[in-house]
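*Asks:* Input: one structure, supplied below.
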Amino acid sequence: MYGMDIAAPGAGDRLAEILDAEDVDSVIHFAARKQVGESVEKPLWYYQQNINGMLNVLTGMTQSKNAKKLVFSSSAATYGVPPVDVVPEDVVPMLPINPYGQTKLFGEWMARACEQPFGIRFCALRYFNVAGCGPVELEDPAILNLIPMLFDRLKKGKAPAIFGDDYPTPDGTCVRDYIHVSDLADAHIAALKYLDRDERKYDAFNVGTGEGTSVRQIVDEVKKVTGLPFTEAVMARRAGDPPHLIGSPKRINEELGWHAKYDVEDIVKSAWDAWQANPEHHIDVATWKQVS
Ligand SMILES: O=c1ccn([C@@H]2O[C@H](COP(=O)(O)OP(=O)(O)O[C@H]3O[C@H](CO)[C@H](O)[C@H](O)[C@H]3O)[C@@H](O)[C@H]2O)c(=O)[nH]1
(Lines give C-alpha, C1' and ligand atoms only; values in the text may rest on other atoms or scores of the structure.)
Protein backbone atom coordinates (compact mmCIF):
# COMPACT_ATOMS: atom_id res chain seq x y z
CA MET A 1 0.00 0.00 0.00
CA TYR A 2 1.35 3.41 -1.00
CA GLY A 3 -0.36 6.60 0.14
CA MET A 4 -0.21 9.79 -1.91
CA ASP A 5 -2.24 12.83 -2.92
CA ILE A 6 -2.84 12.13 -6.58
CA ALA A 7 -3.85 15.77 -7.26
CA ALA A 8 -0.62 17.24 -5.83
CA PRO A 9 2.17 18.63 -8.04
CA GLY A 10 4.71 15.92 -8.92
CA ALA A 11 2.30 13.05 -8.16
CA GLY A 12 2.57 11.77 -11.76
CA ASP A 13 6.35 11.23 -11.49
CA ARG A 14 5.97 9.51 -8.13
CA LEU A 15 3.19 7.31 -9.52
CA ALA A 16 5.39 6.27 -12.47
CA GLU A 17 8.09 5.09 -10.02
CA ILE A 18 5.55 3.06 -8.06
CA LEU A 19 3.96 1.53 -11.16
CA ASP A 20 7.37 0.36 -12.39
CA ALA A 21 8.58 -0.78 -8.96
CA GLU A 22 5.48 -3.00 -8.67
CA ASP A 23 5.40 -3.98 -12.37
CA VAL A 24 1.81 -2.81 -12.71
CA ASP A 25 0.06 -3.29 -16.06
CA SER A 26 -3.44 -1.96 -15.27
CA VAL A 27 -4.77 1.02 -13.36
CA ILE A 28 -8.28 1.62 -12.00
CA HIS A 29 -8.57 5.33 -11.28
CA PHE A 30 -11.19 5.84 -8.55
CA ALA A 31 -9.69 8.77 -6.62
CA ALA A 32 -11.75 11.93 -7.05
CA ARG A 33 -14.17 14.33 -5.40
CA LYS A 34 -17.73 13.22 -6.10
CA GLN A 35 -20.38 15.44 -4.57
CA VAL A 36 -22.57 17.25 -7.04
CA GLY A 37 -23.76 19.98 -4.61
CA GLU A 38 -20.25 20.59 -3.27
CA SER A 39 -18.93 20.94 -6.82
CA VAL A 40 -21.41 23.75 -7.46
CA GLU A 41 -20.21 25.52 -4.28
CA LYS A 42 -16.48 24.95 -4.92
CA PRO A 43 -16.01 24.65 -8.70
CA LEU A 44 -12.33 25.62 -8.83
CA TRP A 45 -11.41 23.12 -6.16
CA TYR A 46 -13.24 20.40 -8.11
CA TYR A 47 -11.31 21.28 -11.26
CA GLN A 48 -8.06 21.31 -9.27
CA GLN A 49 -8.75 17.96 -7.59
CA ASN A 50 -10.28 15.90 -10.37
CA ILE A 51 -8.51 17.28 -13.45
CA ASN A 52 -5.07 17.34 -11.78
CA GLY A 53 -5.71 13.84 -10.42
CA MET A 54 -6.43 12.54 -13.92
CA LEU A 55 -3.46 14.45 -15.36
CA ASN A 56 -1.14 12.84 -12.82
CA VAL A 57 -2.54 9.34 -13.38
CA LEU A 58 -2.00 9.69 -17.13
CA THR A 59 1.46 11.21 -16.61
CA GLY A 60 2.42 8.29 -14.39
CA MET A 61 1.07 5.75 -16.86
CA THR A 62 2.69 7.30 -19.91
CA GLN A 63 6.08 7.39 -18.11
CA SER A 64 5.82 3.84 -16.82
CA LYS A 65 7.05 0.83 -18.79
CA ASN A 66 3.99 -1.45 -18.57
CA ALA A 67 1.01 0.34 -17.02
CA LYS A 68 -0.98 0.94 -20.20
CA LYS A 69 -4.51 -0.19 -19.35
CA LEU A 70 -6.80 2.28 -17.61
CA VAL A 71 -10.32 1.88 -16.24
CA PHE A 72 -11.62 5.32 -15.29
CA SER A 73 -14.47 5.97 -12.84
CA SER A 74 -16.63 8.28 -14.90
CA SER A 75 -20.18 9.25 -14.08
CA ALA A 76 -23.75 9.58 -15.24
CA ALA A 77 -23.25 13.23 -14.32
CA THR A 78 -21.45 13.61 -17.68
CA TYR A 79 -24.87 13.48 -19.40
CA GLY A 80 -26.34 16.54 -17.69
CA VAL A 81 -30.07 16.51 -18.44
CA PRO A 82 -30.22 13.97 -21.26
CA PRO A 83 -32.81 14.38 -24.00
CA VAL A 84 -34.06 10.79 -23.59
CA ASP A 85 -35.53 8.89 -20.62
CA VAL A 86 -33.04 6.01 -20.64
CA VAL A 87 -29.70 7.34 -21.77
CA PRO A 88 -27.36 5.41 -24.09
CA GLU A 89 -23.61 6.16 -24.15
CA ASP A 90 -23.64 7.87 -27.54
CA VAL A 91 -26.36 10.42 -26.78
CA VAL A 92 -25.50 13.95 -27.95
CA PRO A 93 -24.94 16.56 -26.81
CA MET A 94 -23.24 15.65 -23.54
CA LEU A 95 -23.68 18.76 -21.46
CA PRO A 96 -22.95 18.19 -17.75
CA ILE A 97 -24.84 20.67 -15.56
CA ASN A 98 -22.39 20.78 -12.64
CA PRO A 99 -18.59 21.07 -12.27
CA TYR A 100 -18.35 17.50 -10.97
CA GLY A 101 -19.84 16.11 -14.20
CA GLN A 102 -17.62 18.43 -16.25
CA THR A 103 -14.48 17.06 -14.60
CA LYS A 104 -15.56 13.50 -15.39
CA LEU A 105 -16.32 14.25 -19.04
CA PHE A 106 -13.00 16.08 -19.41
CA GLY A 107 -11.25 13.13 -17.73
CA GLU A 108 -12.62 10.88 -20.48
CA TRP A 109 -11.30 13.27 -23.14
CA MET A 110 -7.88 13.37 -21.48
CA ALA A 111 -7.57 9.58 -21.44
CA ARG A 112 -8.83 9.26 -25.01
CA ALA A 113 -6.22 11.76 -26.18
CA CYS A 114 -3.46 9.56 -24.70
CA GLU A 115 -4.49 6.41 -26.58
CA GLN A 116 -2.85 7.09 -29.92
CA PRO A 117 0.40 8.88 -28.87
CA PHE A 118 1.12 6.79 -25.75
CA GLY A 119 -0.58 3.43 -26.42
CA ILE A 120 -2.92 3.79 -23.43
CA ARG A 121 -5.87 1.36 -23.57
CA PHE A 122 -8.70 3.13 -21.87
CA CYS A 123 -12.28 2.57 -20.90
CA ALA A 124 -14.62 4.77 -18.88
CA LEU A 125 -17.28 3.31 -16.63
CA ARG A 126 -20.07 5.84 -16.26
CA TYR A 127 -21.42 5.00 -12.84
CA PHE A 128 -25.05 5.70 -12.14
CA ASN A 129 -26.04 5.91 -8.44
CA VAL A 130 -23.84 3.52 -6.53
CA ALA A 131 -25.25 2.39 -3.19
CA GLY A 132 -25.61 -0.61 -0.89
CA CYS A 133 -22.84 -2.63 0.70
CA GLY A 134 -21.08 -5.96 0.12
CA PRO A 135 -19.61 -7.58 3.26
CA VAL A 136 -20.49 -5.34 6.25
CA GLU A 137 -16.79 -4.87 7.12
CA LEU A 138 -16.48 -2.98 3.84
CA GLU A 139 -19.10 -0.37 4.75
CA ASP A 140 -18.37 3.04 3.27
CA PRO A 141 -18.48 5.21 6.42
CA ALA A 142 -18.94 8.44 4.40
CA ILE A 143 -22.33 10.13 4.66
CA LEU A 144 -22.33 11.65 1.18
CA ASN A 145 -25.23 10.07 -0.71
CA LEU A 146 -28.97 9.62 -0.36
CA ILE A 147 -29.25 6.32 1.58
CA PRO A 148 -26.57 7.01 4.23
CA MET A 149 -27.89 10.58 4.50
CA LEU A 150 -31.38 9.21 5.26
CA PHE A 151 -29.93 6.84 7.88
CA ASP A 152 -27.83 9.63 9.40
CA ARG A 153 -30.88 11.86 9.93
CA LEU A 154 -32.68 8.90 11.51
CA LYS A 155 -29.71 8.29 13.81
CA LYS A 156 -30.09 11.89 15.04
CA GLY A 157 -33.86 11.46 15.48
CA LYS A 158 -34.46 13.91 12.64
CA ALA A 159 -36.84 13.67 9.68
CA PRO A 160 -35.05 12.30 6.58
CA ALA A 161 -34.88 15.02 3.92
CA ILE A 162 -36.21 14.94 0.38
CA PHE A 163 -34.51 17.67 -1.66
CA GLY A 164 -37.42 18.92 -3.75
CA ASP A 165 -40.73 17.33 -4.74
CA ASP A 166 -41.62 19.67 -7.59
CA TYR A 167 -39.51 18.08 -10.34
CA PRO A 168 -41.15 17.00 -13.63
CA THR A 169 -41.15 13.31 -12.57
CA PRO A 170 -44.05 10.95 -11.69
CA ASP A 171 -43.99 11.72 -7.92
CA GLY A 172 -42.14 15.06 -8.15
CA THR A 173 -38.89 13.76 -6.63
CA CYS A 174 -35.66 13.08 -8.53
CA VAL A 175 -35.36 9.73 -10.30
CA ARG A 176 -32.05 7.86 -10.38
CA ASP A 177 -30.71 4.48 -11.49
CA TYR A 178 -29.36 2.78 -8.33
CA ILE A 179 -26.62 0.23 -8.71
CA HIS A 180 -25.31 -2.11 -6.01
CA VAL A 181 -21.62 -1.59 -5.18
CA SER A 182 -20.94 -5.34 -5.61
CA ASP A 183 -22.34 -5.18 -9.14
CA LEU A 184 -20.13 -2.16 -9.74
CA ALA A 185 -17.07 -4.11 -8.59
CA ASP A 186 -17.92 -6.88 -11.08
CA ALA A 187 -18.16 -4.28 -13.86
CA HIS A 188 -14.53 -3.31 -13.21
CA ILE A 189 -13.34 -6.89 -13.59
CA ALA A 190 -15.28 -7.15 -16.85
CA ALA A 191 -13.78 -3.84 -18.04
CA LEU A 192 -10.21 -4.99 -17.30
CA LYS A 193 -10.82 -8.16 -19.32
CA TYR A 194 -12.26 -6.06 -22.16
CA LEU A 195 -9.04 -4.00 -22.29
CA ASP A 196 -7.10 -7.18 -23.02
CA ARG A 197 -8.92 -7.45 -26.35
CA ASP A 198 -7.12 -5.90 -29.31
CA GLU A 199 -10.40 -5.11 -31.07
CA ARG A 200 -12.53 -2.82 -28.93
CA LYS A 201 -15.54 -1.07 -30.40
CA TYR A 202 -16.25 1.27 -27.49
CA ASP A 203 -14.45 3.09 -24.72
CA ALA A 204 -17.36 4.18 -22.52
CA PHE A 205 -19.96 2.06 -20.73
CA ASN A 206 -22.90 2.91 -18.54
CA VAL A 207 -22.96 1.00 -15.29
CA GLY A 208 -26.69 1.19 -14.72
CA THR A 209 -29.75 -1.03 -14.74
CA GLY A 210 -32.16 0.79 -17.06
CA GLU A 211 -34.60 1.10 -14.12
CA GLY A 212 -35.45 4.38 -12.40
CA THR A 213 -36.30 4.81 -8.71
CA SER A 214 -37.46 8.11 -7.19
CA VAL A 215 -36.16 9.58 -3.95
CA ARG A 216 -39.63 9.02 -2.46
CA GLN A 217 -39.53 5.34 -3.46
CA ILE A 218 -36.15 4.99 -1.73
CA VAL A 219 -37.59 6.68 1.37
CA ASP A 220 -40.50 4.18 1.31
CA GLU A 221 -38.05 1.29 0.95
CA VAL A 222 -36.11 2.63 3.95
CA LYS A 223 -39.36 2.66 5.97
CA LYS A 224 -39.98 -0.96 5.00
CA VAL A 225 -36.45 -2.25 5.60
CA THR A 226 -35.75 -0.39 8.87
CA GLY A 227 -39.26 -0.67 10.34
CA LEU A 228 -38.77 2.86 11.78
CA PRO A 229 -42.04 4.87 11.97
CA PHE A 230 -40.60 8.17 10.65
CA THR A 231 -42.11 11.08 8.74
CA GLU A 232 -39.87 12.57 6.04
CA ALA A 233 -39.49 16.31 5.37
CA VAL A 234 -39.57 17.92 1.94
CA MET A 235 -36.86 20.57 1.64
CA ALA A 236 -35.67 22.92 -1.09
CA ARG A 237 -34.12 21.55 -4.27
CA ARG A 238 -30.35 21.01 -4.17
CA ALA A 239 -28.38 22.97 -6.79
CA GLY A 240 -27.05 20.93 -9.71
CA ASP A 241 -29.52 18.00 -9.49
CA PRO A 242 -30.98 16.76 -12.80
CA PRO A 243 -34.64 15.60 -12.50
CA HIS A 244 -34.00 12.11 -13.78
CA LEU A 245 -31.03 10.03 -14.84
CA ILE A 246 -31.35 6.41 -15.94
CA GLY A 247 -28.70 4.50 -17.87
CA SER A 248 -29.21 2.03 -20.67
CA PRO A 249 -27.20 -1.10 -19.82
CA LYS A 250 -27.49 -2.47 -23.38
CA ARG A 251 -23.87 -1.83 -24.38
CA ILE A 252 -22.30 -3.19 -21.19
CA ASN A 253 -24.65 -6.22 -21.28
CA GLU A 254 -23.73 -7.05 -24.84
CA GLU A 255 -20.05 -6.13 -25.02
CA LEU A 256 -18.84 -6.93 -21.52
CA GLY A 257 -21.39 -9.60 -20.61
CA TRP A 258 -22.13 -7.68 -17.40
CA HIS A 259 -25.61 -7.66 -15.85
CA ALA A 260 -26.74 -6.17 -12.53
CA LYS A 261 -27.66 -8.92 -10.08
CA TYR A 262 -29.12 -6.77 -7.28
CA ASP A 263 -32.25 -4.58 -7.09
CA VAL A 264 -33.21 -1.58 -4.97
CA GLU A 265 -34.52 -3.74 -2.12
CA ASP A 266 -31.14 -5.56 -1.95
CA ILE A 267 -29.37 -2.20 -2.04
CA VAL A 268 -31.32 -0.64 0.85
CA LYS A 269 -31.24 -3.84 2.89
CA SER A 270 -27.47 -4.32 2.50
CA ALA A 271 -26.84 -0.64 3.32
CA TRP A 272 -28.98 -0.98 6.46
CA ASP A 273 -27.25 -4.21 7.56
CA ALA A 274 -23.87 -2.48 7.27
CA TRP A 275 -25.15 0.63 9.07
CA GLN A 276 -26.47 -1.47 11.94
CA ALA A 277 -23.24 -3.51 12.17
CA ASN A 278 -21.23 -0.32 12.77
CA PRO A 279 -21.34 0.55 16.52
CA GLU A 280 -20.97 4.28 15.73
CA HIS A 281 -24.01 4.23 13.45
CA HIS A 282 -26.22 1.59 15.06
CA ILE A 283 -29.84 2.64 15.73
CA ASP A 284 -31.83 0.92 18.47
CA VAL A 285 -35.03 0.30 16.53
CA ALA A 286 -37.06 -0.69 19.63
CA THR A 287 -36.53 2.65 21.42
CA TRP A 288 -36.14 5.01 18.43
CA LYS A 289 -38.20 8.21 18.43
CA GLN A 290 -38.36 11.08 15.94
CA VAL A 291 -37.56 14.34 17.77
CA SER A 292 -37.65 16.87 14.91
O1 LIG B 1 -30.70 13.54 2.04
C2 LIG B 1 -30.83 13.50 0.81
C3 LIG B 1 -29.76 13.20 -0.08
C4 LIG B 1 -30.00 13.18 -1.45
N5 LIG B 1 -31.24 13.46 -1.92
C6 LIG B 1 -31.51 13.35 -3.37
O7 LIG B 1 -31.26 12.02 -3.75
C8 LIG B 1 -30.83 11.98 -5.11
C9 LIG B 1 -29.53 11.22 -5.17
O10 LIG B 1 -28.54 12.01 -4.54
P11 LIG B 1 -27.07 11.49 -4.27
O12 LIG B 1 -26.34 12.61 -3.60
O13 LIG B 1 -27.12 10.19 -3.58
O14 LIG B 1 -26.52 11.20 -5.71
P15 LIG B 1 -26.38 12.13 -7.01
O16 LIG B 1 -27.43 11.68 -7.97
O17 LIG B 1 -26.35 13.58 -6.69
O18 LIG B 1 -24.91 11.78 -7.47
C19 LIG B 1 -24.45 10.47 -7.56
O20 LIG B 1 -24.59 10.03 -8.85
C21 LIG B 1 -23.97 10.86 -9.78
C22 LIG B 1 -24.32 10.33 -11.12
O23 LIG B 1 -25.70 10.40 -11.28
C24 LIG B 1 -22.48 10.92 -9.51
O25 LIG B 1 -21.82 9.77 -9.94
C26 LIG B 1 -22.18 11.21 -8.06
O27 LIG B 1 -20.83 10.96 -7.76
C28 LIG B 1 -22.98 10.40 -7.15
O29 LIG B 1 -22.81 10.86 -5.84
C30 LIG B 1 -30.71 13.43 -5.55
O31 LIG B 1 -31.87 13.79 -6.24
C32 LIG B 1 -30.64 14.21 -4.24
O33 LIG B 1 -31.14 15.53 -4.33
C34 LIG B 1 -32.29 13.75 -1.07
O35 LIG B 1 -33.41 14.02 -1.50
N36 LIG B 1 -32.05 13.77 0.27
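*Asks:* Going through the stretch 14-103, which GluC sites (Glu not before Pro) have at most 15 other Cβ atoms within 10 Å and a DSSP loop state?
*Replies:* Working: sites: Glu17, Glu22, Glu38, Glu41, Glu89; in loops: Glu22, Glu89.
Answer by residue number: Glu22.
*Asks:* Over the Cα atoms, compute the radius of gyration (one decimal) and Dmax (the largest Cα-Cα distance, rounded to a whole number) for the stretch 1-41, in Å.
*Replies:* For the stretch 1-41, the Cα radius of gyration and maximum Cα-Cα distance read 13.3, 40 Å.
*Asks:* On to the next question. Check Val87: other-chain or 5+ apart residues with amide H under 5 Å from its amide H, H built from backbone geometry?
*Replies:* HN-HN under 5 Å from Val87: Ile246, Gly247, Ser248.
*Asks:* Measure up Lys68/Lys104; Lys68/Lys193; Lys34/Lys156; Lys158/Lys289 against 18 Å on the Cα-Cα distance and list the ones that go over. Don't skip to the answer; put the middle values down first.
*Replies:* Details: Lys68/Lys104 20 Å; Lys68/Lys193 13 Å; Lys34/Lys156 25 Å; Lys158/Lys289 9 Å.
The answer is Lys68/Lys104; Lys34/Lys156.
*Asks:* If the only charges are +1 at each Lys and Arg Cβ and -1 at each Asp and Glu Cβ, what is the size of the charge dipole of the stretch 129-214 around the Cα centre, to the nearest 20 debye?
*Replies:* Numbers: 9 positive and 15 negative charges, 54 e Å.
Using Cβ point charges on Lys, Arg, Asp and Glu, the stretch 129-214 gives about 260 debye.
*Asks:* Per residue Cα convex hull volume for the chain, in cubic angstrom? Intermediate values should be presented prior to the final figure.
*Replies:* Values: hull volume 39.3 nm³, N = 292.
In the chain, the Cα convex hull volume per residue is 135 Å³.
*Asks:* Would you mind computing, in nm to one decimal, how far apart the modelled labels at Ile28 and Ala236 are, each placed 7 Å from Cα along Cα→Cβ?
*Replies:* Modelled inter-label distance: 3.9 nm.
*Asks:* Same structure again: Would you work out which of Phe163, Phe72, Cys114 lies farthest towards the positive end of the dipole of the chain? Charges go on Cβ: Lys and Arg +1, Asp and Glu -1.
*Replies:* Farthest towards the positive pole: Phe163.
*Asks:* So how strong a dipole does the chain carry about its Cα centre when Lys and Arg Cβ are +1 and Asp and Glu Cβ are -1, to the nearest 20 debye?
*Replies:* Working: 30 positive and 41 negative charges, 106 e Å.
The dipole magnitude comes to about 520 debye.
*Asks:* Under a 1.4 angstrom probe, counting protein chains only, how are Lys42, Lys193 ranked by accessible area, largest first?
*Replies:* Descending accessible area places them as Lys193, Lys42.
*Asks:* Another one. Starting from the eigenvalues of the Cα gyration tensor, five times each then square-rooted, give me the equivalent ellipsoid semi-axes of the stretch 1-151, largest first, whole Å.
*Replies:* Values: eigenvalues 138, 80, 47 Å².
Gyration-tensor ellipsoid for the stretch 1-151: 26, 20, 15 Å.
*Asks:* What is the calculated FRET efficiency for Val291 to Glu137, with r their C-beta to C-beta distance and R₀ = 51 Å, to the nearest 0.05?
*Replies:* Details: r = 31 Å, r/R0 = 0.61.
Working from the Cβ atoms, E equals 0.95.
*Asks:* At a probe radius of 1.4 Å, what is the per-residue accessible area of Trp45, in Å² to the nearest 10?
*Replies:* Looks like 90 Å² after rounding.
*Asks:* OK, next. In terms of the ratio Rg/(2.2 N^0.38 Å) built on C-alpha atoms, what value belongs to the stretch 103-247? Could the numbers behind the result be given before it?
*Replies:* On the way: Rg = 18.4 Å, N = 145, 2.2 N^0.38 = 14.6 Å.
Computed over Cα atoms of the stretch 103-247, the ratio equals 1.26.
*Asks:* Can you give me the solvent accessible area of Tyr2 with a 1.4 Å probe, rounded to the nearest 10 Å²?
*Replies:* 110 Å²
*Asks:* Got a sec to turn the phi values of the stretch 81-89 into Karplus ³J(HN,Hα) couplings, 6.51 cos²θ - 1.76 cosθ + 1.60 with θ = phi - 60°, whole Hz, x for Gly and Pro?
*Replies:* So the Karplus estimates, Gly and Pro as x, are 9, x, x, 10, 5, 10, 8, x, 5 Hz.
*Asks:* Restricting to the stretch 1-156, what percent of DSSP beta bridges are antiparallel, rounded to 5?
*Replies:* On the way: 0 of 12 bridges.
Taking every DSSP beta bridge with both residues in the stretch 1-156, the antiparallel ones total about 0 percent.
*Asks:* Find which of Ala190, Asn56, Ile179 sits farthest along the positive direction of the dipole of the chain, computed with +1 on the beta-carbon of Lys and Arg, -1 on that of Asp and Glu, about the Cα centre.
*Replies:* Asn56
*Asks:* A further question on this structure: DSSP beta bridges in the chain, what fraction antiparallel, as a percent rounded to 5?
*Replies:* On the way: 2 of 28 bridges.
Percentage antiparallel, nearest 5: 5.
The values are calculated or read from the model by the stated rules, or taken from the named source; none is laboratory data. On a predicted model such as this, the values are computed, not experimentally measured, just so you know. For neighbour counting, all protein chains shown are included, and Cβ atoms are generated from backbone atoms with ideal geometry for every residue, glycine included. Ligands, DNA and RNA are stripped out before the accessible areas are found, and what is left, the full protein with its side chains, is counted by its heavy atoms. Shrake-Rupley method; radii C 1.70, N 1.55, O 1.52, S 1.80 Å.
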